[in-house]
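Below is one structure, written out as C-alpha cells; comments come after it.
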Amino acid sequence: MKFELSQLPYAYNALEPYIDAQTMEIHHAKHHQAYIDKLNTVVEKYSTLADMSVEDLLKTLKTLEVDEVDRIAIQNHGGGHANHAFFWDNMAPQKQGDETLKSDIELAFGSTDAFKQEFAKAAVSRFGSGWAWLVRDEDNALKVYSTANQDSPLSQGHTPIIGLDVWEHAYYLKYQNRRQEYIDNWWSVVKVL
Ligand code: MN3
C-alpha cells in the first residue's frame with residue numbers, strides 16, 4: 001500500500017487561537033508528509049507488507065518479518081503517520097462531545113478534571129519528544145500514559161482514544177518552551193471531550 005497524506009477535515013487556521021495556522025501547516029504538510037514518505041520507502045522493500053494498513057503494521061510490529069533496522073523505521077515512520085492522522089481527526093473547531101466517553105472517564109478517573117490533570121502530567125513529564133495518550137487497554141479499561149518518539153499504543157495492543165503530540169514542532173512557534181500552556185489550551189479543540 002502506498003500511503004498518502006489526507007487533507008485535514010478543517011482549514012489550517014480553524015484551530016486558532018489555540019493552535020496557530022503556521023504550526024498546523026508545517027506540521028501537516030511537512031512533518032506528517034515526511035513520515036509518510038519514509039514509511040513508503042521501507043514498505044516498498046517487502047511485497048509481504050504491500051496490503052497492510054498502517055494500523056496493522058503497528059499492531060504486528062514485533063512479529064513482522066523484516067530486518068531489524070526496518071522494524072525500527074516502521075515503528076518511527078509508521079507511528080508518525082498513524083499518530084498524526086489520529087491527532088488531526090482528534091481535533092475540531094467545534095466540539096462533538098461523546099457522552100459515553102465522558103461518563104466512562106468520570107467512572108475511571110473520578111471526574112473530567114481529574115482525568116485532564118493526569119493526562120497533562122503524562123504530557124508534561126514526557127522527557128524529550130513523544131505523545132500523551134488516553135487509551136483503552138486489552139481489557140477495555142481506560143488508561144493514561146505517554147510514549148516516546150512516535151511509538152504507538154497500537155503496538156502494545158491498546159486502542160488510542162485521545163492523543164496529544166508533545167514534540168516541540170507541535171507547539172514551539174506559538175508557545176516556545178511553555179508546554180503546559182499548550183496542553184491547557186489544546187483541550188479547547190479536542191473534539192470528543
Ligand atoms: Mn508531530
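The values are calculated or read from the model by the stated rules, or taken from the named source; none is laboratory data. On a predicted model such as this, the values are computed, not experimentally measured, just so you know. Positions of Cβ are backbone-derived with ideal geometry, glycine not excepted, and every protein chain shown enters the neighbour counts.
The residue list Asn13, Asn83, Asn40 contains one member that is within 16 Å of the ligand (Cβ to nearest atom) and of a type outside the set (A, V, I, L, M), which is Asn83.
Please go through segment 148-173 and pick out each residue that is away from the ligand (no atom under 14 Å from the Cβ) and of a type outside the set (S, T, N, Q). Steps first, please.
Here is the first cut: in segment 148-173, the ones away from the ligand (no atom under 14 Å from the Cβ) are 153-162.
Matches in segment 148-173: Pro153, Leu154, Gly157, His158, Pro160, Ile161, Ile162.
Regarding segment 52-75, can at least one residue be identified that is outside the structural domain of Leu173 (by TED's automatic domain parsing), within 14 Å of the ligand (Cβ to nearest atom) and among the hydroxyl-bearing types (Ser, Thr, Tyr)? No, segment 52-75 has no match at all. When Thr159, Thr147 are checked against the criterion of being more than 17 Å from Tyr18 (Cβ to Cβ) and surrounded by fewer than 17 Cβ atoms within 10 Å (Cβ to Cβ), a single residue qualifies: Thr159.
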